[in-house]
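To start, the structure itself, in C-alpha coordinates.
The values are calculated or read from the model by the stated rules, or taken from the named source; none is laboratory data. The structure displayed is predicted, hence computed values, not measured ones. Cβ placement follows ideal geometry from the backbone for every residue including glycine, while neighbour counts extend to all protein chains displayed. Accessible surface areas use protein heavy atoms only, side chains included; no ligands, DNA or RNA. Shrake-Rupley method; radii C 1.70, N 1.55, O 1.52, S 1.80 Å.
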Amino acid sequence: MRYSFVFLAVLFAFTAAQQKSYDGYQVVTITVDDPQKMDLLFQWQDHGIDFWDSINALGRPVRVMIPPHLKEEFPVFLAENGIPYELSIPNVETVFAQERRVQMERRARAMMNRRLTGRSTADFSYYWQPDEISDYMRQLAADYPNLITVENAGDSYEGREILVVRISNTNFDGTKPKIFIDAGIHAREWIAPMAAVYLIHELVSHSYEHADFLECDWIIIPIANPDGYQFSHDVNRMWRKTRSINTGSTCIGTDPNRNYRYRWGFAGVSTNPCSDIFMGPAPHSEREVQVVSSELTREAAGVRLYLSFHSFGDWLIYPWGYDRIYHPNYEQLDEVGGLASDAIYNAHGRRYTVGNSAILLYPAAGASDDYAAAEHHIDLSYTVELTGGGSTGFDLPPHMIIPVSGEIFTGLRAYARYIADNYS
(Lines give C-alpha, C1' and ligand atoms only; values in the text may rest on other atoms or scores of the structure.)
Protein backbone atom coordinates (compact mmCIF):
# COMPACT_ATOMS: atom_id res chain seq x y z
CA MET A 1 0.00 0.00 0.00
CA ARG A 2 2.86 2.37 0.88
CA TYR A 3 4.36 1.89 -2.57
CA SER A 4 0.97 2.66 -4.12
CA PHE A 5 0.91 6.06 -2.42
CA VAL A 6 4.47 6.78 -3.56
CA PHE A 7 3.55 5.81 -7.10
CA LEU A 8 0.48 8.07 -7.02
CA ALA A 9 2.55 10.99 -5.75
CA VAL A 10 5.09 10.56 -8.56
CA LEU A 11 2.32 10.15 -11.12
CA PHE A 12 0.57 13.29 -9.93
CA ALA A 13 3.77 15.33 -10.15
CA PHE A 14 4.41 14.03 -13.68
CA THR A 15 0.82 14.71 -14.77
CA ALA A 16 0.88 18.24 -13.36
CA ALA A 17 4.14 18.95 -15.20
CA GLN A 18 2.53 18.00 -18.53
CA GLN A 19 -0.50 20.23 -18.08
CA LYS A 20 -0.92 23.81 -19.20
CA SER A 21 -0.99 25.96 -16.09
CA TYR A 22 -3.91 28.29 -15.44
CA ASP A 23 -2.11 30.08 -12.65
CA GLY A 24 -3.26 33.69 -12.54
CA TYR A 25 -6.44 33.07 -14.52
CA GLN A 26 -9.60 34.17 -12.77
CA VAL A 27 -13.32 33.45 -13.17
CA VAL A 28 -15.92 36.14 -12.63
CA THR A 29 -19.68 35.70 -12.73
CA ILE A 30 -21.59 38.27 -14.76
CA THR A 31 -25.26 38.91 -15.43
CA VAL A 32 -26.53 40.45 -18.65
CA ASP A 33 -29.88 40.35 -20.47
CA ASP A 34 -29.42 43.14 -23.01
CA PRO A 35 -28.87 41.79 -26.58
CA GLN A 36 -26.56 44.68 -27.48
CA LYS A 37 -24.38 44.05 -24.45
CA MET A 38 -24.44 40.33 -25.25
CA ASP A 39 -23.09 41.10 -28.71
CA LEU A 40 -20.33 43.27 -27.22
CA LEU A 41 -19.37 40.49 -24.82
CA PHE A 42 -19.31 37.93 -27.60
CA GLN A 43 -16.57 39.90 -29.40
CA TRP A 44 -14.19 39.29 -26.51
CA GLN A 45 -13.93 35.59 -27.36
CA ASP A 46 -11.33 36.28 -30.04
CA HIS A 47 -9.26 38.21 -27.48
CA GLY A 48 -8.93 35.36 -24.98
CA ILE A 49 -12.03 35.72 -22.80
CA ASP A 50 -13.55 32.28 -22.23
CA PHE A 51 -17.26 32.00 -21.51
CA TRP A 52 -17.78 28.94 -19.34
CA ASP A 53 -21.56 29.35 -19.46
CA SER A 54 -23.65 30.38 -22.43
CA ILE A 55 -24.38 34.07 -22.77
CA ASN A 56 -28.15 34.20 -22.49
CA ALA A 57 -31.09 36.57 -22.79
CA LEU A 58 -32.70 35.47 -19.51
CA GLY A 59 -30.27 37.20 -17.20
CA ARG A 60 -28.93 33.91 -15.88
CA PRO A 61 -25.42 34.11 -14.41
CA VAL A 62 -22.53 33.52 -16.80
CA ARG A 63 -19.06 32.47 -15.62
CA VAL A 64 -16.23 34.05 -17.57
CA MET A 65 -12.56 33.06 -17.38
CA ILE A 66 -10.15 35.98 -17.70
CA PRO A 67 -6.49 35.40 -18.68
CA PRO A 68 -3.86 37.30 -16.71
CA HIS A 69 -3.20 39.86 -19.44
CA LEU A 70 -6.87 40.96 -19.42
CA LYS A 71 -7.44 41.06 -15.64
CA GLU A 72 -7.50 44.85 -15.67
CA GLU A 73 -8.92 45.62 -19.11
CA PHE A 74 -11.94 43.30 -19.06
CA PRO A 75 -13.34 44.44 -15.66
CA VAL A 76 -13.02 48.04 -16.89
CA PHE A 77 -15.10 47.11 -19.95
CA LEU A 78 -17.73 45.49 -17.71
CA ALA A 79 -17.93 48.53 -15.46
CA GLU A 80 -18.15 50.99 -18.36
CA ASN A 81 -21.04 49.02 -19.87
CA GLY A 82 -22.94 48.59 -16.62
CA ILE A 83 -22.49 44.81 -16.49
CA PRO A 84 -22.33 43.65 -12.86
CA TYR A 85 -19.79 40.99 -11.92
CA GLU A 86 -18.27 39.25 -8.94
CA LEU A 87 -15.15 37.17 -8.47
CA SER A 88 -15.99 33.44 -8.36
CA ILE A 89 -12.61 31.68 -8.67
CA PRO A 90 -9.56 33.77 -7.70
CA ASN A 91 -7.05 31.35 -9.25
CA VAL A 92 -8.24 28.74 -11.75
CA GLU A 93 -5.12 26.61 -11.41
CA THR A 94 -5.93 25.73 -7.79
CA VAL A 95 -9.29 24.35 -8.91
CA PHE A 96 -7.80 22.35 -11.78
CA ALA A 97 -5.00 20.99 -9.57
CA GLN A 98 -7.58 19.62 -7.15
CA GLU A 99 -9.53 18.12 -10.04
CA ARG A 100 -6.39 16.41 -11.38
CA ARG A 101 -5.61 14.99 -7.93
CA VAL A 102 -9.08 13.47 -7.52
CA GLN A 103 -9.06 12.19 -11.10
CA MET A 104 -5.67 10.50 -10.67
CA GLU A 105 -6.54 8.84 -7.36
CA ARG A 106 -9.89 7.50 -8.50
CA ARG A 107 -8.67 6.39 -11.91
CA ALA A 108 -5.76 4.54 -10.31
CA ARG A 109 -8.15 2.76 -7.98
CA ALA A 110 -10.44 1.82 -10.87
CA MET A 111 -7.53 0.52 -12.93
CA MET A 112 -6.43 -1.65 -10.00
CA ASN A 113 -9.92 -3.07 -9.63
CA ARG A 114 -10.06 -3.85 -13.34
CA ARG A 115 -6.75 -5.66 -13.19
CA LEU A 116 -8.00 -7.74 -10.29
CA THR A 117 -11.28 -8.67 -11.99
CA GLY A 118 -9.97 -8.83 -15.55
CA ARG A 119 -13.00 -6.89 -16.74
CA SER A 120 -13.95 -3.36 -17.68
CA THR A 121 -16.34 -2.10 -15.03
CA ALA A 122 -18.65 0.87 -14.69
CA ASP A 123 -17.00 3.09 -12.10
CA PHE A 124 -18.65 6.51 -12.27
CA SER A 125 -16.54 8.06 -9.51
CA TYR A 126 -14.30 9.90 -12.02
CA TYR A 127 -14.20 11.08 -15.65
CA TRP A 128 -13.11 8.31 -17.99
CA GLN A 129 -10.61 8.60 -20.82
CA PRO A 130 -11.29 7.43 -24.40
CA ASP A 131 -9.66 4.01 -24.08
CA GLU A 132 -11.71 3.27 -20.96
CA ILE A 133 -14.93 4.19 -22.74
CA SER A 134 -14.03 1.99 -25.72
CA ASP A 135 -13.08 -0.96 -23.52
CA TYR A 136 -16.31 -0.78 -21.56
CA MET A 137 -18.45 -0.49 -24.69
CA ARG A 138 -16.83 -3.62 -26.10
CA GLN A 139 -17.23 -5.41 -22.78
CA LEU A 140 -20.96 -4.68 -22.86
CA ALA A 141 -21.19 -5.90 -26.46
CA ALA A 142 -19.48 -9.17 -25.47
CA ASP A 143 -21.76 -9.63 -22.46
CA TYR A 144 -25.05 -8.66 -24.14
CA PRO A 145 -24.70 -9.56 -27.83
CA ASN A 146 -28.47 -9.70 -28.37
CA LEU A 147 -28.96 -6.15 -27.17
CA ILE A 148 -25.94 -4.04 -28.11
CA THR A 149 -23.53 -3.84 -31.01
CA VAL A 150 -20.41 -1.68 -31.12
CA GLU A 151 -18.40 -0.73 -34.17
CA ASN A 152 -15.85 1.82 -35.23
CA ALA A 153 -17.74 4.45 -37.22
CA GLY A 154 -14.45 5.95 -38.39
CA ASP A 155 -11.17 7.34 -37.13
CA SER A 156 -10.45 10.77 -35.74
CA TYR A 157 -7.79 13.10 -37.15
CA GLU A 158 -5.14 11.52 -34.91
CA GLY A 159 -6.34 7.99 -35.64
CA ARG A 160 -8.50 7.24 -32.59
CA GLU A 161 -11.61 5.22 -33.16
CA ILE A 162 -15.00 6.90 -32.90
CA LEU A 163 -17.38 4.22 -31.72
CA VAL A 164 -21.05 4.01 -32.57
CA VAL A 165 -23.22 1.99 -30.20
CA ARG A 166 -26.53 0.49 -31.33
CA ILE A 167 -29.02 -0.76 -28.77
CA SER A 168 -32.15 -2.70 -29.74
CA ASN A 169 -33.99 -5.75 -28.44
CA THR A 170 -35.41 -6.41 -31.91
CA ASN A 171 -32.16 -6.21 -33.88
CA PHE A 172 -33.12 -2.97 -35.63
CA ASP A 173 -35.81 -4.75 -37.62
CA GLY A 174 -37.41 -1.48 -38.67
CA THR A 175 -40.46 -1.73 -36.43
CA LYS A 176 -39.38 0.94 -33.95
CA PRO A 177 -38.50 4.62 -34.17
CA LYS A 178 -34.87 5.55 -33.62
CA ILE A 179 -33.21 8.02 -31.29
CA PHE A 180 -29.75 9.30 -32.27
CA ILE A 181 -27.38 10.81 -29.69
CA ASP A 182 -23.83 12.10 -29.94
CA ALA A 183 -21.75 13.40 -27.04
CA GLY A 184 -18.39 14.98 -26.39
CA ILE A 185 -17.98 16.93 -29.60
CA HIS A 186 -16.54 19.73 -27.44
CA ALA A 187 -13.50 18.24 -25.78
CA ARG A 188 -13.54 19.94 -22.40
CA GLU A 189 -17.18 19.14 -21.63
CA TRP A 190 -16.37 15.96 -19.72
CA ILE A 191 -19.82 15.36 -18.29
CA ALA A 192 -21.27 14.87 -21.79
CA PRO A 193 -19.49 11.57 -22.63
CA MET A 194 -20.07 10.34 -19.08
CA ALA A 195 -23.82 10.97 -19.39
CA ALA A 196 -23.82 9.02 -22.66
CA VAL A 197 -21.87 6.15 -21.08
CA TYR A 198 -24.27 6.14 -18.13
CA LEU A 199 -27.24 5.95 -20.52
CA ILE A 200 -25.69 3.02 -22.40
CA HIS A 201 -24.82 1.26 -19.13
CA GLU A 202 -28.37 1.58 -17.82
CA LEU A 203 -30.08 0.52 -21.05
CA VAL A 204 -27.89 -2.55 -21.41
CA SER A 205 -26.93 -3.70 -17.92
CA HIS A 206 -30.35 -2.94 -16.44
CA SER A 207 -32.55 -3.41 -19.50
CA TYR A 208 -35.16 -5.28 -17.45
CA GLU A 209 -35.81 -2.06 -15.51
CA HIS A 210 -36.09 0.12 -18.62
CA ALA A 211 -38.46 -1.68 -20.97
CA ASP A 212 -40.08 1.63 -21.90
CA PHE A 213 -36.77 2.91 -23.28
CA LEU A 214 -36.50 -0.13 -25.51
CA GLU A 215 -39.70 0.74 -27.31
CA CYS A 216 -37.24 2.78 -29.36
CA ASP A 217 -33.96 1.80 -31.00
CA TRP A 218 -30.89 3.81 -29.96
CA ILE A 219 -27.83 4.94 -31.90
CA ILE A 220 -25.27 6.58 -29.63
CA ILE A 221 -21.81 8.01 -30.31
CA PRO A 222 -20.48 8.37 -26.76
CA ILE A 223 -17.39 10.42 -27.62
CA ALA A 224 -17.38 12.24 -30.94
CA ASN A 225 -14.09 14.13 -30.47
CA PRO A 226 -11.69 11.67 -28.83
CA ASP A 227 -8.53 13.56 -29.83
CA GLY A 228 -9.62 16.76 -28.17
CA TYR A 229 -11.04 14.90 -25.19
CA GLN A 230 -7.75 13.08 -24.59
CA PHE A 231 -5.82 16.33 -25.00
CA SER A 232 -8.03 18.00 -22.40
CA HIS A 233 -7.10 15.22 -19.96
CA ASP A 234 -3.39 15.14 -20.75
CA VAL A 235 -2.30 18.66 -21.66
CA ASN A 236 -4.88 21.47 -21.59
CA ARG A 237 -7.97 21.11 -19.41
CA MET A 238 -9.83 23.83 -21.31
CA TRP A 239 -9.23 22.48 -24.82
CA ARG A 240 -12.49 22.64 -26.78
CA LYS A 241 -11.70 21.96 -30.43
CA THR A 242 -10.47 19.11 -32.62
CA ARG A 243 -6.73 18.55 -33.07
CA SER A 244 -6.42 19.04 -36.82
CA ILE A 245 -3.63 21.14 -38.31
CA ASN A 246 -4.64 24.46 -39.85
CA THR A 247 -2.59 25.26 -42.93
CA GLY A 248 -0.78 28.56 -42.60
CA SER A 249 -1.33 28.82 -38.86
CA THR A 250 0.44 27.56 -35.75
CA CYS A 251 -2.94 27.24 -34.02
CA ILE A 252 -4.50 23.80 -33.91
CA GLY A 253 -8.07 22.62 -34.31
CA THR A 254 -11.55 23.64 -35.34
CA ASP A 255 -14.70 24.02 -33.29
CA PRO A 256 -16.58 20.99 -34.65
CA ASN A 257 -19.93 22.44 -33.61
CA ARG A 258 -19.34 25.36 -35.96
CA ASN A 259 -18.24 23.08 -38.79
CA TYR A 260 -21.49 21.46 -39.97
CA ARG A 261 -22.39 22.65 -43.40
CA TYR A 262 -25.91 23.99 -42.87
CA ARG A 263 -25.56 27.81 -42.85
CA TRP A 264 -21.85 27.34 -42.20
CA GLY A 265 -20.22 30.64 -41.29
CA PHE A 266 -23.47 32.61 -41.11
CA ALA A 267 -23.07 33.96 -37.55
CA GLY A 268 -21.51 33.32 -34.17
CA VAL A 269 -18.25 31.94 -35.55
CA SER A 270 -14.66 33.03 -36.01
CA THR A 271 -12.41 32.84 -39.05
CA ASN A 272 -9.37 33.01 -36.76
CA PRO A 273 -7.79 29.54 -36.39
CA CYS A 274 -6.64 30.50 -32.88
CA SER A 275 -10.21 31.09 -31.71
CA ASP A 276 -12.15 28.48 -29.73
CA ILE A 277 -15.06 29.03 -32.15
CA PHE A 278 -13.03 28.75 -35.36
CA MET A 279 -15.43 27.45 -38.00
CA GLY A 280 -12.76 25.56 -39.94
CA PRO A 281 -11.38 26.00 -43.45
CA ALA A 282 -14.46 24.44 -45.06
CA PRO A 283 -17.76 22.87 -43.99
CA HIS A 284 -17.33 19.29 -42.80
CA SER A 285 -13.56 19.72 -42.94
CA GLU A 286 -13.20 17.90 -39.64
CA ARG A 287 -12.94 14.14 -39.64
CA GLU A 288 -15.04 13.94 -36.47
CA VAL A 289 -17.88 15.89 -38.08
CA GLN A 290 -17.69 13.65 -41.14
CA VAL A 291 -18.05 10.54 -38.98
CA VAL A 292 -21.10 11.83 -37.08
CA SER A 293 -22.65 13.09 -40.31
CA SER A 294 -22.07 9.75 -42.03
CA GLU A 295 -23.75 7.81 -39.23
CA LEU A 296 -26.66 10.22 -39.09
CA THR A 297 -27.09 9.95 -42.87
CA ARG A 298 -27.02 6.17 -42.62
CA GLU A 299 -29.76 6.11 -39.97
CA ALA A 300 -31.73 9.27 -40.74
CA ALA A 301 -34.75 7.68 -42.39
CA GLY A 302 -35.92 6.21 -39.10
CA VAL A 303 -34.56 8.78 -36.65
CA ARG A 304 -37.35 10.70 -34.92
CA LEU A 305 -35.25 12.40 -32.23
CA TYR A 306 -31.73 13.81 -32.41
CA LEU A 307 -29.85 14.90 -29.28
CA SER A 308 -26.34 16.28 -28.90
CA PHE A 309 -24.94 16.24 -25.35
CA HIS A 310 -22.94 19.28 -24.23
CA SER A 311 -22.30 21.24 -21.07
CA PHE A 312 -23.62 23.50 -19.81
CA GLY A 313 -25.99 24.44 -18.12
CA ASP A 314 -29.51 23.07 -17.90
CA TRP A 315 -30.77 23.92 -21.39
CA LEU A 316 -32.80 21.92 -23.94
CA ILE A 317 -32.37 24.13 -26.99
CA TYR A 318 -33.47 23.66 -30.56
CA PRO A 319 -33.11 25.18 -34.08
CA TRP A 320 -32.61 27.44 -35.60
CA GLY A 321 -29.28 28.33 -34.09
CA TYR A 322 -27.77 30.22 -37.02
CA ASP A 323 -30.13 33.19 -36.56
CA ARG A 324 -32.84 34.42 -34.22
CA ILE A 325 -35.71 32.77 -36.10
CA TYR A 326 -37.90 29.84 -35.15
CA HIS A 327 -37.92 26.43 -36.76
CA PRO A 328 -41.28 25.70 -38.44
CA ASN A 329 -41.80 22.88 -35.92
CA TYR A 330 -41.10 25.03 -32.88
CA GLU A 331 -44.43 24.30 -31.18
CA GLN A 332 -43.76 20.56 -31.08
CA LEU A 333 -40.15 21.20 -30.11
CA ASP A 334 -41.39 23.29 -27.19
CA GLU A 335 -43.98 20.70 -26.19
CA VAL A 336 -41.68 17.68 -26.25
CA GLY A 337 -38.79 19.53 -24.64
CA GLY A 338 -41.22 20.64 -21.96
CA LEU A 339 -42.15 17.02 -21.23
CA ALA A 340 -38.50 16.18 -20.62
CA SER A 341 -37.92 19.32 -18.57
CA ASP A 342 -41.00 18.66 -16.41
CA ALA A 343 -39.96 15.06 -15.84
CA ILE A 344 -36.52 16.15 -14.61
CA TYR A 345 -37.97 18.85 -12.38
CA ASN A 346 -40.66 16.63 -10.88
CA ALA A 347 -38.21 13.85 -10.06
CA HIS A 348 -35.09 15.83 -9.12
CA GLY A 349 -36.01 19.48 -8.59
CA ARG A 350 -33.75 20.78 -11.37
CA ARG A 351 -35.35 22.84 -14.13
CA TYR A 352 -34.00 22.64 -17.68
CA THR A 353 -34.99 25.64 -19.80
CA VAL A 354 -36.49 24.84 -23.21
CA GLY A 355 -36.34 27.14 -26.21
CA ASN A 356 -34.77 28.35 -29.42
CA SER A 357 -30.98 28.43 -29.07
CA ALA A 358 -30.32 31.68 -30.95
CA ILE A 359 -33.06 33.57 -29.11
CA LEU A 360 -32.34 32.23 -25.63
CA LEU A 361 -28.56 32.29 -26.06
CA TYR A 362 -26.89 33.69 -29.17
CA PRO A 363 -26.70 32.87 -32.90
CA ALA A 364 -24.13 30.19 -33.73
CA ALA A 365 -24.08 28.70 -37.21
CA GLY A 366 -22.71 25.31 -38.20
CA ALA A 367 -24.13 23.38 -35.24
CA SER A 368 -25.19 19.76 -35.37
CA ASP A 369 -28.82 20.29 -34.31
CA ASP A 370 -29.41 22.71 -37.20
CA TYR A 371 -27.76 20.24 -39.56
CA ALA A 372 -29.89 17.30 -38.34
CA ALA A 373 -33.07 19.35 -38.67
CA ALA A 374 -32.31 20.92 -42.05
CA GLU A 375 -30.55 18.22 -44.03
CA HIS A 376 -32.11 15.11 -42.49
CA HIS A 377 -35.54 16.54 -41.71
CA ILE A 378 -35.47 15.40 -38.10
CA ASP A 379 -38.17 17.61 -36.66
CA LEU A 380 -37.20 16.93 -33.05
CA SER A 381 -33.58 18.04 -32.85
CA TYR A 382 -32.03 19.38 -29.65
CA THR A 383 -28.77 20.36 -28.03
CA VAL A 384 -28.75 19.18 -24.42
CA GLU A 385 -26.66 21.45 -22.20
CA LEU A 386 -26.02 19.49 -19.02
CA THR A 387 -25.36 20.90 -15.56
CA GLY A 388 -22.08 22.74 -15.00
CA GLY A 389 -19.55 23.03 -12.23
CA GLY A 390 -20.54 26.23 -10.43
CA SER A 391 -17.67 27.54 -8.31
CA THR A 392 -15.94 24.14 -8.32
CA GLY A 393 -14.52 24.33 -11.84
CA PHE A 394 -15.57 24.01 -15.45
CA ASP A 395 -17.25 20.64 -14.99
CA LEU A 396 -18.89 19.24 -11.91
CA PRO A 397 -16.79 17.43 -9.33
CA PRO A 398 -16.87 13.71 -10.14
CA HIS A 399 -19.17 12.78 -7.27
CA MET A 400 -21.88 14.57 -9.27
CA ILE A 401 -21.51 12.41 -12.39
CA ILE A 402 -24.20 9.95 -11.32
CA PRO A 403 -26.72 12.55 -10.06
CA VAL A 404 -26.49 14.67 -13.23
CA SER A 405 -26.48 11.64 -15.53
CA GLY A 406 -29.46 10.28 -13.63
CA GLU A 407 -31.33 13.54 -14.07
CA ILE A 408 -30.93 13.60 -17.84
CA PHE A 409 -31.76 9.88 -17.89
CA THR A 410 -35.13 10.83 -16.43
CA GLY A 411 -35.58 13.39 -19.19
CA LEU A 412 -34.61 10.83 -21.81
CA ARG A 413 -37.32 8.51 -20.51
CA ALA A 414 -39.89 11.23 -21.21
CA TYR A 415 -38.44 11.80 -24.67
CA ALA A 416 -38.48 8.06 -25.42
CA ARG A 417 -42.07 7.62 -24.28
CA TYR A 418 -43.20 10.44 -26.52
CA ILE A 419 -41.34 9.05 -29.52
CA ALA A 420 -42.64 5.51 -28.93
CA ASP A 421 -46.22 6.71 -28.45
CA ASN A 422 -46.27 8.96 -31.50
CA TYR A 423 -44.01 7.29 -34.08
CA SER A 424 -44.32 3.52 -33.58
Where a residue in region 111-128 is over 17 Å from Asp143 (Cβ atoms) and its partner, wherever it lies, is among the β-branched types (Val, Ile, Thr) and open to solvent by 80 Å² or more (accessible area, probe 1.4 Å), with Cβ under 9 Å and at least six apart: Phe124/Ile402; Ser125/Ile402
Close pairs (6 angstrom Cβ cut-off, 6 or more residues apart or separate chains): in contact (Cβ under 8 Å) with a residue 12 or more places away in the chain in region 31-48, polar (S, T, N, Q) anywhere: Lys37/Asn81; Asp46/Ser270; Asp46/Asn272; Asp46/Ser275
Residues satisfying the stated conditions in region 48-97, i.e. open to solvent by less than 60 Å² (accessible area, probe 1.4 Å), acidic (Asp, Glu) and out of contact with any strand residue (DSSP E or B) (no Cβ under 7 Å at 6 or more places or on another chain): Glu93
Any pair with Cβ under 7 angstrom, 6 or more apart, that starts in region 152-171 at a residue that is closer than 17 Å to Lys241 by Cβ and ends at one that is assigned to a loop (DSSP other than H, G, I, E, B): Tyr157/Thr242; Tyr157/Arg243; Tyr157/Ser244; Glu158/Arg243; Ile162/Ser156; Ile162/Ala224
Given (1) more than 13 Å from the chain's Cα centre (by Cα); (2) in a loop (DSSP other than H, G, I, E, B), number of the condition Arg240 does not satisfy: (1)
Filter pass, Arg119 being out of contact with any Leu (no Cβ under 9 Å at 6 or more places or on another chain), assigned to a loop (DSSP other than H, G, I, E, B) and of a type in the set (Lys, Arg): yes
Positions within region 390-405 being at pLDDT 95 or above, under 16 Å from the mean Cα position of the chain (by Cα) and not aliphatic (A, V, I, L, M), in sequence order: Ser405
Cβ pairs under 6 Å, 6+ apart, first in region 86-102 and within 17 Å of Asp50 (Cβ to Cβ), second modelled with pLDDT of 95 or more and open to solvent by 90 Å² or more (accessible area, probe 1.4 Å): Glu93/Asp23
Yes/no for Asp255 being of a type in the set (D, E, K, R), modelled with pLDDT of 95 or more and under 17 Å from Lys20 (Cα atoms): no
Qualifying residue in region 402-416 (condition: surrounded by fewer than 17 Cβ atoms within 10 Å (Cβ to Cβ) and within 26 Å of Ala282 (Cα to Cα)): no
Selection within region 263-292 - outside any loop (DSSP other than H, G, I, E, B), open to solvent by 10 Å² or more (accessible area, probe 1.4 Å) and within 21 Å of Ala183 (Cβ to Cβ): Arg287, Gln290
